[in-house]
Amino acid sequence: MAQPTDLRTLPVGKVLSDYRIEGILGQGGFGITYLATDTNLGRKVAIKEYFPREFAVRDSTLTIRATGNAEDRETFNWGLTRFLEEARILARFEHPNIVAVRRFFEANGTAYLVMDYCDGEPLDEIIKRDGPLSKERLDRILLPLLNGLEEIHSTN
């Protein structure tokens, strides 16, 4: 698991609402996903933070703010609204092939989505280690994934 090394991420040990940041699970163009511990329940969760690197920076107070021109700020705010709408929609699902969203909240100038933490190994690491997947193994991965996607898409 990658560890924070700069202001683009929250530091390990930071408490955010009722969650203590333990490390980074992944980063993309629009957000960072952290491993955290629910300080009330003592269980691991995954927290997705809205942080579009192209339109935002984190300052020394850990607050995220839009950068650039007015269009960039509008894009940041539009994305933040979509992120919260997505959280509301995903929180409705109780499906074995969809990671459960347990809570979402706003803090630090951005929004956070709290999900169940599912321990596992990234597919690319499995392929690097074991080589190409057999049809049977691929079916065991893809069929549940497609079932979950079908459930989400059925609600538009």
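Computed from the Kirkwood radius of its Cα pairs, the Stokes-Einstein diffusion coefficient for the stretch 1-141 at 37 °C and 0.692 mPa s stands at 199 µm²/s.
Ordering 145, 21, 78 by Cα displacement along the dipole of the chain toward the positive end leaves 21 in first place; charges were set at the Cβ atoms of Lys, Arg (+1) and Asp, Glu (-1).
Across the chain, the relative contact order, built from alpha-carbon pairs under 8 Å that are at least six residues apart, equals 15 percent. Near the amide H of residue 110, within less than 5 Å, lie the amide hydrogens of 64, all on another chain or at least 5 residues away, with H placed in the peptide plane.
Stokes-Einstein diffusion for the stretch 1-81, with the hydrodynamic radius set to the Kirkwood value over Cα pairs and evaluated at 4 °C in a medium of 1.567 mPa s, equals 98 µm²/s. For the stretch 1-104, the per residue solvent-accessible surface stands at 56 Å², with DNA, RNA and ligands left out and a 1.4 Å probe. Here, the stretch 67-135 has an Rg and a Dmax of 17.4, 50 Å when only alpha carbons are counted. For the chain, a Gaussian network of Cα nodes joined below 10 Å ranks 24, 64, 141 by mean-square fluctuation, and the top entry is 141. Calculate what fraction, in whole %, of the accessible area of the chain sits on carbon and sulfur atoms when a 1.4 Å probe is rolled over the protein chains. Answer for the chain is 52 percent, counting heavy atoms of protein chains only.
222 nm [θ] for the chain, helices only, -39500 (n - 2.57) per DSSP H run of 4+, per residue, to 500? Computed ellipticity for the chain at 222 nm equals -10000 deg cm²/dmol.
Against the main long axis of the alpha-carbon atoms of the chain, helix 70-90 sits at an angle near 40°.
Among the GluC sites (Glu not before Pro) in the stretch 67-156, those placed in a DSSP loop whose Cβ has at most 14 other Cβ atoms within 10 Å are 94. Between the helical axis of 135-153 and the longest alpha-carbon principal axis of the chain there is an angle of about 50 degrees. Counting only residues at least eight positions apart within a chain, or on another chain, the lysines with an alpha carbon under 26 Å from that of residue 48 are 14. Over all other residues within a Cβ to Cβ distance under 13 Å of residue 86, the charged ones net out to +3, with Lys and Arg as +1 and Asp and Glu as -1. In the complete set of protein chains, residue-level accessible area for residue 44 is approximately 120 Å², probe 1.4 angstrom.
The values are calculated or read from the model by the stated rules, or taken from the named source; none is laboratory data. Worth saying up front: this structure is predicted, and the values here are computed from it rather than measured. Heads up, the Cβs are rebuilt from the backbone with ideal geometry, glycines too, and the neighbour counts pull from every protein chain shown. With ligands, DNA and RNA removed, areas are computed over all heavy atoms of the protein, side chains included. Shrake-Rupley method; radii C 1.70, N 1.55, O 1.52, S 1.80 Å.
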